[in-house]
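The next block holds one structure in the form of structure tokens; read it before the comments.
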Amino acid sequence: MRKSVRQLGFYIVLIALWHLVAELKIWPPYLFPSPLSVLDSLRTGFGDRTFLIGMGISMKRILIGYGFSVACGAALGFLLAASTLVKDTLGGLVLSLQSLPSLCWLPLAVLWFGLTEKAILFVVVMGSLLAVTINTETGVRHVPRIYMMAGRNLGARGHRLLLHVVLPASLPYMVTGLKQGWAFAWRSLISGEMIFVSLGLGHLLMMGRDLNDMSQVMAVMILIMGIGYSVDRLIFENLENRIRRQWGLVAA
Amino acid sequence: MLETLSNPKTKLHLRDVSRTFKTPQGTLTALEGIDLEVREREFLCVLGPSGCGKSTLLNLMAGLDEPTRGDVRIDGHLVEGPGTDRIVIFQELGLFPWLTVRENVEFGLRMQGVPRAERHSRAQKYLRMVHLSQFERSHVHQLSGGMKQRVALARSLVTEPDVLLMDEPFAALDAQTRDLLHEELERIWEETGKTIVFVTHNVREAVRLGDRVILLTFRPGRVKREFPVKLPRPRNLEDPKLTLMARTVVAQLKEEIDKAVEAEYGYEEKR
């Protein structure tokens, strides 16, 4: 209760300050819009459904791209943890590729796939896949030996051992990877959508720029932040808390 | 009891079993020339100082490890890998924190592909046996040390293995809890007719539980002596006969512990 009061207070003060600075008219309103005009843009955007359509398109893309990253990234992570050959060869490459900002893939994606849906998805996948991989690998490597022994001892072999012991036992690390992967995917998606008429949120951002409509730019930015934050809170934080409770990593 | 004696069928048979490990300091012989027969329904306790290869012996029986020489047989068949006829209860237990108590108990059945409803009822039967029915929905971290031991016991019993291999399962518990678990284990052993191999470094525990106690030497582990324990059951730790028996075993064990201490601290400590 006190926490939410504090948070609410903080945002009220922040918006009031913003309003005050805008009222001082140090910068022209088309460069520094007031909160009210941003709110107005939000209302118009939702009113004529452009924002809803943009959100829908972006969400669809991220579901495909992120879904692919999670499936392939986790598989690659398991492979890295299971085989020293893969670790010695691919391991270094994975780490060095992970240091590339996802925007670096953009020129390559555009040349390979043109200004298409595929180019955006490619950037999303390249941006997020390796974060999932690296955390999965760490998770699998940290599975206590006793769980493996207990699992084998109780008759788990091969894919069952993987599915019923290794996977759940590495979950605390994997969740970190899923969360990181999501954040990277979301960022990559927005950057990717900014390159052409893609109709997603990133495109709406660029449209605001083209129309010299700073209010719309800020409105879309708020939308992007809002979605990023909500997914993190509603999905990943819940997941993490659930695992912590189950495992007894926090006092209940 | 009479039936056990008149039916001395061999359950586990170790013949000339040795196990060596390669370490940076050279080759370590954990076990050497172990000949051992465990009879059906026998409660065998394996005793020895830490580092004498007790756990290695258990892992060989479990099929989680392979002997360097010799062979391990169960019911006359060569042991090649783990099997559901033998279950190990590790000291660290290895209960799965992501599962509830009942799901932990059901795990072995699930791996065997037993249908849900049957899994359920069989798990409940064994949870009742260890008096944990009320806790079936709890998670592992919510239980006390003794309760975790009982979950591990139920989880091992549920697949109805012939042999239970227990690796110092009660070492980390307080004395009262251990007493209680001794009683429960003795009762369950009598009810279910399992063959139990119980590894411990606690002499009184060994004498309290075993039909027979074997004492291993320190590095390399060999069978130093065997003590049949003919005290009537249920036994009590305070029984003077049991204490007396323990004392003779302790004297023998002491020699081996001294050797272990020497190996660990070096010779300069010796007066």
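The values are calculated or read from the model by the stated rules, or taken from the named source; none is laboratory data. Please read these numbers as outputs of a predicted model, since none were measured by experiment. Glycine gets a Cβ as well: all are built from the backbone with ideal geometry, and neighbour counts include every protein chain shown.
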The one condition A:Leu163 fails out of (1) part of a helix (DSSP H, G or I); (2) facing another protein chain (nearest Cβ under 10 Å); (3) of a type in the set (A, V, I, L, M, F, W, C); (4) without any contact (Cβ under 8 Å) to a residue 12 or more places away in the chain is (2)
Reported set for region B:70-100 where residues are away from every other protein chain (no Cβ under 12 Å) and crowded, with 18+ Cβ neighbours inside 10 Å is B:Val72, B:Ile74, B:Val79
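Listed here are the residues, each with its yes/no results for (1) small (Gly, Ala, Ser); (2) within 14 Å of another protein chain (Cβ to nearest Cβ); (3) touching a Phe, Trp or Tyr at 6+ places or on another chain (Cβ under 7 Å); (4) closer than 30 Å to B:Gln142 by Cβ.
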position: A:Leu211; (1), (2), (3), (4): no, no, no, no
position: A:Met214; (1), (2), (3), (4): no, no, yes, no
position: A:Val217; (1), (2), (3), (4): no, no, no, no
position: A:Leu223; (1), (2), (3), (4): no, no, yes, no
position: A:Ile227; (1), (2), (3), (4): no, no, no, no
position: A:Ser230; (1), (2), (3), (4): yes, no, no, no
position: A:Glu237; (1), (2), (3), (4): no, no, no, yes
position: A:Arg242; (1), (2), (3), (4): no, yes, no, yes
position: A:Leu249; (1), (2), (3), (4): no, yes, no, yes
Checked A:Ser69, A:Ser41 against criteria (touching a residue at least 60 places away in the same chain (Cβ under 8 Å), of a type outside the set (A, V, I, L, M, F, W, C) and within 17 Å of A:Leu178 (Cβ to Cβ)); the one match is A:Ser69
Here the residues within region A:206-252 that are in contact (Cβ under 8 Å) with a residue 60 or more places away in the chain and in contact with a strand residue (DSSP E or B) (Cβ under 8 Å, 6 or more places away or on another chain) are A:Trp247
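If a residue has to be closer than 21 Å to A:Ile227 by Cα and either surrounded by 12 or more Cβ atoms within 10 Å (Cβ to Cβ) or of a type outside the set (A, V, I, L, M) (or both) to count, how many in region A:4-35 make the cut? Step through it out loud before you land on a result.
Step one: filter region A:4-35 for residues closer than 21 Å to A:Ile227 by Cα, giving A:4, A:7-8, A:10-12, A:14-15, A:35.
Filter once more, so that each one left must be either surrounded by 12 or more Cβ atoms within 10 Å (Cβ to Cβ) or of a type outside the set (A, V, I, L, M) (or both): A:4, A:7, A:10-11, A:15, A:35.
Matching residues across region A:4-35 total 6.
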Has region B:44-63 got at least one residue that is over 26 Å from B:Val261 (Cα atoms), at pLDDT below 90 and touching a helix residue (DSSP H, G or I) at 6+ places or on another chain (Cβ under 6 Å)?
no
Requiring at least 1 residues that are at pLDDT below 95 and over 21 Å from A:Asn212 (Cα atoms), the helices (runs of 4 or more DSSP H) wholly within region A:1-95 are A:2-23, A:50-82
Among residues of region B:187-206 being part of a strand (DSSP E or B) and of a type in the set (S, T, N, Q), the residue farthest from B:Glu40 (Cα to Cα) is B:Thr200
Expected output for region B:139-165 (first residue touching a residue at least 60 places away in the same chain (Cβ under 8 Å) and under 13 Å from B:Val101 (Cα atoms), partner surrounded by 22 or more Cβ atoms within 10 Å (Cβ to Cβ) and polar (S, T, N, Q), Cβ below 8 Å, 6+ apart or cross-chain) is B:Arg155/B:Asn104
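Would you check if B:Val46 is over 16 Å from the mean Cα position of the chain (by Cα), under 25 Å from B:Leu153 (Cα atoms) and either outside the structural domain of B:Arg187 (by TED's automatic domain parsing) or not basic (Lys, Arg) (or both)? Reasoning before the result, please.
Details: over 16 Å from the mean Cα position of the chain (by Cα): no; under 25 Å from B:Leu153 (Cα atoms): yes; either outside the structural domain of B:Arg187 (by TED's automatic domain parsing) or not basic (Lys, Arg) (or both): yes.
Considered against the rule, which asks whether it is over 16 Å from the mean Cα position of the chain (by Cα), under 25 Å from B:Leu153 (Cα atoms) and either outside the structural domain of B:Arg187 (by TED's automatic domain parsing) or not basic (Lys, Arg) (or both), B:Val46 comes out as no.
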Of those in region A:125-160 that are hydrophobic (A, V, I, L, M, F, W, C) and free of Cβ contacts under 8 Å to residues at least 40 places away in the same chain, the residue farthest from A:Trp182 (Cα to Cα) is A:Leu154
message = Can you confirm whether B:Pro169 is part of a loop (DSSP other than H, G, I, E, B), over 22 Å from B:Asp239 (Cβ atoms) and modelled with pLDDT of 90 or more?
response = no
Restricting region A:166-189 to residues that are touching a Ser or Thr at 6+ places or on another chain (Cβ under 9 Å) and within 14 Å of chain B (Cβ to nearest Cβ), the one farthest from A:Ser230 (Cα to Cα) turns out to be A:Ser170
